[in-house]
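In what follows, a single structure is set out as structure tokens and then discussed.
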Amino acid sequence: MNVNVLAVIVAGLIHIVYGLVWYSNFLFGKAWTELTGQEMKPAPAWMAPTALGHLAAAYVLAVIINLANAGTLAAGAGVGLMVALGFFVPIQLGELTWEKIPVKLFLIRCGFHLSAMALIGAILAVWR
């Protein structure tokens, strides 16, 4: 399968930056810290694996977009939304159910995954 590696790298980096903005105090960072009781200080040992995870998500989404033959912004965003709805949201539902996280935290997390995957899906679809 032909995947544009440069597009995957850029989409992965955008995914990281988008997460930093989403969880900044300007948007949802303050609510996240209040809801989780955690400080917004990442564990340095996990930063590299997390970055690789963002790149892996972009790569897998690129493969799915190619398989779906999605070549427009709307089609790529739609595939990204479907991936988030099918994989990320159910995981968050498990945390809502079993870890009893607050609904507001569930919405913040799901909102991030849905919008981030739609964004990078749109990018990956037009930059094949």
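Annotations for the structure displayed:
- Net charge, GLY94 excluded, C-beta distance under 15 Å - Lys, Arg +1, Asp, Glu -1: 0
- Among 84-93, 97-106, 118-127, the order from most to least packed when residues are scored by Cβ within 10 Å on average: 118-127, 84-93, 97-106
- 15 Å reach of a label modelled at THR97, 7 Å along Cα-to-Cβ, counting backbone N of segment 68-89: 86-89
Coordinate-derived values only; no laboratory data. The structure displayed is predicted, hence computed values, not measured ones. Methodologically, a virtual Cβ is constructed for each residue, glycine included, from the backbone with ideal geometry; neighbour enumeration extends over all protein chains shown.
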